[in-house]
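The values are calculated or read from the model by the stated rules, or taken from the named source; none is laboratory data. Just so you know, these numbers come straight off a predicted model, no measurement behind them. Counting neighbours? That spans all protein chains shown, and the Cβs are built from the backbone with ideal geometry, glycine included.
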Amino acid sequence: MELILHTNFPSKLQEQWDTLLEQSINDVPFLRYGYLENWWRTLGGGEWTKKAQLAIISAQQKNSLVGIAPFFFFQENEKTTLYFLGSKEICDYLDFIVKPTDLESFIHELINFITSPSFPHWDQLILHNLMQTSPTVIVMEKAARQNAWRFRTECTKQSPYIMLPRNWEDYLTSIEKKQRHEIRRKMHRAEENTDLHWYFIENQSSIEDEIEIFLQLMALDKEKSEFLTPSMHKQMHLTMQWAFKEKILQLSFLEIHQQKAASYFCFNYKNKILVYNSGFDPKFSEYSPGWVLLGNLLRWATENQISEFDFMRGNEDYKYRFGGKDRLVICTIIER
């Protein structure tokens, strides 16, 4: 393998990057070239400062791209750390971009490359937001042991998800009886007592306005309003623009009496729905608009043969009440 360090986003590799990701150990939207390029433009919506230095490493073999380590350097407390691009707050799942059959050889070559005298010095490697089931964890532990480095993992978040059956009634039957009745009751009550309409945004001419309306709904929540700094607002807007262009944005709204009461921003990706964020207008709280819209999204997903509904990181109670089952997201830490 020939490994190359890129200190700018390698635009010539964009098509190969996304093609490789489709065959990779973890094909998620957060690892696509366009998503990470936008993330870097805002430094994660202001999570990182301009001290961060890009360090993408690509591996070529027989003129084909076979591996990507999407890294950046950051120095703090007299330590230089290599992080995954996307670390750590707004990209739910991260990993190396490499085929399963090439993972071990790629990591072997990568370790040789980043420990060579020509590569900038680093003290630790912190890999946030790996799925616990990722084969990267085992391979990195083996590499650390071979180099006599300290290795540990930390469980950082639960990430509830639902494997969907093929119809709505089977989904409802799969969750607790009390919760099943609660979902039905709230959906029926809203539908019977209000002028209710829900829909997806599909029109190019309205997408910019709809993105801003979604962000305004988010900001009606005090905690989310504080989260939406100017840099984070820009990051969210860029992400949604990009996802719409890539045809993987699922932006939905629930209207009550012709006013937007709730919204969900999801990715519709590889026959999975990944729930990224949401917003609600509290003046409609008596009708539980968030629950009603989420119920309709789940019904739509079963009717359209979606295989998985992923709530992603966070152990909020509503995810489990809708039938979410935990999987874990972890952080792997290697210290030289």
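Quick look at the values:
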item: Filtered residue count, segment 302-317, keeping only those that are within 19 Å of the chain's Cα centre (by Cα) and not in a strand (DSSP E or B); result: 8
item: Some residue of segment 143-162 being touching a strand residue (DSSP E or B) at 6+ places or on another chain (Cβ under 6 Å) and free of Cβ contacts under 8 Å to residues at least 60 places away in the same chain; result: no
item: Test for E109: is it acidic (D, E), more than 24 Å from the chain's Cα centre (by Cα) and within 14 Å of E2 (Cα to Cα); result: yes
item: Scope segment 39-57; condition in contact with a Ser or Thr (Cβ under 6 Å, 6 or more places away or on another chain) and either surrounded by fewer than 18 Cβ atoms within 10 Å (Cβ to Cβ) or not hydroxyl-bearing (S, T, Y) (or both); matching residues; result: G45, G46, L54
item: Complete set of residues in segment 255-265 that are without any contact (Cβ under 8 Å) to a residue 40 or more places away in the chain and touching a Phe, Trp or Tyr at 6+ places or on another chain (Cβ under 6 Å); result: A261
item: Checklist (1) crowded, with 22+ Cβ neighbours inside 10 Å; (2) outside any strand (DSSP E or B); (3) hydroxyl-bearing (S, T, Y); (4) free of Cβ contacts under 8 Å to residues at least 40 places away in the same chain applied to S285, failing item; result: (1)
item: Qualifying residue in segment 99-106 (condition: in a loop (DSSP other than H, G, I, E, B) and either basic (K, R) or at pLDDT below 95 (or both)); result: yes
item: Extreme residue, surrounded by the fewest Cβ atoms within 10 Å (Cβ to Cβ), among residues of segment 21-38 that are in contact (Cβ under 8 Å) with a residue 60 or more places away in the chain and aromatic (F, W, Y); result: Y35
item: Single unsatisfied condition, A219 versus (1) free of Cβ contacts under 8 Å to residues at least 24 places away in the same chain; (2) within 22 Å of E286 (Cα to Cα); result: (1)
item: S252 surrounded by fewer than 19 Cβ atoms within 10 Å (Cβ to Cβ), among the polar types (S, T, N, Q) and either assigned to a strand (DSSP E or B) or without any contact (Cβ under 8 Å) to a residue 12 or more places away in the chain (or both); result: no
item: Condition broken by V329, with the remaining ones in (1) over 20 Å from the mean Cα position of the chain (by Cα); (2) surrounded by 14 or more Cβ atoms within 10 Å (Cβ to Cβ) satisfied; result: (1)
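This table checks each residue for (1) in contact with a Lys or Arg (Cβ under 6 Å, 6 or more places away or on another chain); (2) over 20 Å from R313 (Cα atoms); (3) assigned to a strand (DSSP E or B); (4) among the β-branched types (V, I, T).
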{"residue": "Y35", "(1), (2), (3), (4)": "no, no, no, no"}
{"residue": "N38", "(1), (2), (3), (4)": "no, yes, no, no"}
{"residue": "G45", "(1), (2), (3), (4)": "no, no, no, no"}
{"residue": "Q60", "(1), (2), (3), (4)": "no, yes, yes, no"}
{"residue": "G67", "(1), (2), (3), (4)": "no, yes, yes, no"}
{"residue": "Y83", "(1), (2), (3), (4)": "no, no, yes, no"}
